[in-house]
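*Asks:* Dumping the structure here so I can ask a few things about it.
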Amino acid sequence: MASREGRSGAGQPAPSRETIVVHKGHGLPYSKGLMAQALSATALSLERSFELARRIEARLTERGEAEIDVEALHGLVEEVLLAEEGETAAGRYRRWRRLDRLDRPLVVVIGGTTGVGKSTLAAMLAARLGVNRVIATDVIRQVLRAFFTHEAMPTVHGSAFEVGGIAGYRDQAERVGTGIAAIVERAAAEGKPVVVEGVHVVPGGVHPRVRERCVLVEALVVVEDPDLHRGHFSLRPGIRPAERYLEHFEEIRRLQDHLWERARSESVAIIDNTNVDHTLARLMELVLDAVREDS
């Protein structure tokens, strides 16, 4: 499919040349939007990604060629990144391109107490990575509630912050952790990537045997500022009233402290979610750095 130059009428400028990106014999016009999305996966902001996508488009126009092979386009992208952002960004782009060709599946586990934004971040991260499986640990707890009575397994019948303090949370996390382990085991066995998020993700809790079978990325999301954390509950979607969380706010904060100490002791990355874009960029950095170490 060749590029097109429209005919202009009297006094009308001709449309700019459209470059076709060819992959395996098929071609599609270069898209700034798709390129910006790819660049944002390297931990660049969306604004900067779109700006660089425009510059890449300008470089394509300067080349004056009707078509460009997708591998040649990747090479051009790396040139622009190297010139504009440096080797770190160019290297991350190369590693992002490797994500669907890893020898071991990518497994991202994101922990954090109630109200820190981990569910939103997990969904956004999965979209950037092209991962279509996002598992919330609360779903596992709901399944356990359906199969076990309150008498048989009391701690799974309440939220993590209202089951008897840290001791109750530990018991609940241990029981839900069995389901988390099964999910990670299956991802490793099938070779398919997955993102797992939830309060039951205990830092350092993935078994060493399973770690060897996947590219594991662990992070704990926190909100250090109590006022900012408290404000998150008024923004939560759904029908659950904020009052319930605010009544248990001190318990939620104590649980965050517990997870924070655990993350420190296990050398798990701790990310203060004061800005979603910055936190997402940090998560992307962790993923791409793990891919580099796995190379």
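*Asks:* Quick one: in the range 92-116, which of the residues that are of a type in the set (A, V, I, L, M) and not in a helix (DSSP H, G or I) is farthest from R230 (Cα to Cα)?
*Replies:* Restricting to residues being of a type in the set (A, V, I, L, M) and not in a helix (DSSP H, G or I), the top hit is L102.
*Asks:* Have a look at V201, V194, V215, V176 and point out the one that is in the same structural domain as D138 (by TED's automatic domain parsing), under 15 Å from V268 (Cβ atoms) and not charged (D, E, K, R).
*Replies:* Exactly one of V201, V194, V215, V176 is in the same structural domain as D138 (by TED's automatic domain parsing), under 15 Å from V268 (Cβ atoms) and not charged (D, E, K, R), namely V201.
*Asks:* If we keep just the residues of the range 167-191 that are exposed (fewer than 14 other Cβ atoms within 10 Å of the Cβ) and either of a type in the set (K, R) or within 26 Å of E243 (Cβ to Cβ) (or both), which is farthest from the chain's Cα centre (by Cα)?
*Replies:* My answer is A167.
*Asks:* Kindly indicate which of R186, R254, R262 is in contact with a strand residue (DSSP E or B) (Cβ under 9 Å, 6 or more places away or on another chain), of a type outside the set (A, V, I, L, M) and modelled with pLDDT of 95 or more.
*Replies:* Being in contact with a strand residue (DSSP E or B) (Cβ under 9 Å, 6 or more places away or on another chain), of a type outside the set (A, V, I, L, M) and modelled with pLDDT of 95 or more holds for just one of R186, R254, R262, which is R262.
*Asks:* Going through A89, A126 one at a time, which residue ends up being touching a strand residue (DSSP E or B) at 6+ places or on another chain (Cβ under 6 Å), among the aliphatic types (A, V, I, L, M), in contact (Cβ under 8 Å) with a residue 40 or more places away in the chain and part of a helix (DSSP H, G or I)?
*Replies:* Exactly one of A89, A126 is touching a strand residue (DSSP E or B) at 6+ places or on another chain (Cβ under 6 Å), among the aliphatic types (A, V, I, L, M), in contact (Cβ under 8 Å) with a residue 40 or more places away in the chain and part of a helix (DSSP H, G or I), namely A126.
*Asks:* Next question. Going residue by residue through the range 142-151, is there one that turns out to be under 24 Å from N273 (Cβ atoms) and either more than 14 Å from the chain's Cα centre (by Cα) or among the small types (G, A, S) (or both)?
*Replies:* No, every residue in the range 142-151 fails to be under 24 Å from N273 (Cβ atoms) and either more than 14 Å from the chain's Cα centre (by Cα) or among the small types (G, A, S) (or both).
*Asks:* Tell me, which helices (runs of 4 or more DSSP H) wholly within the range 192-295 include 1 or more residues that are buried (at least 20 other Cβ atoms within 10 Å of the Cβ) and hydroxyl-bearing (S, T, Y)?
*Replies:* So the answer is 242-247, 276-294.
*Asks:* Quick check on the range 61-73: of everything there that is surrounded by 15 or more Cβ atoms within 10 Å (Cβ to Cβ) and outside any strand (DSSP E or B), which residue is farthest from the chain's Cα centre (by Cα)?
*Replies:* Applying the filter and picking the extreme gives A66.
The values are calculated or read from the model by the stated rules, or taken from the named source; none is laboratory data. None of the values given here were measured: they were computed from a predicted structure. Backbone-built Cβ (ideal geometry, glycine too); neighbour counts: all protein chains shown.
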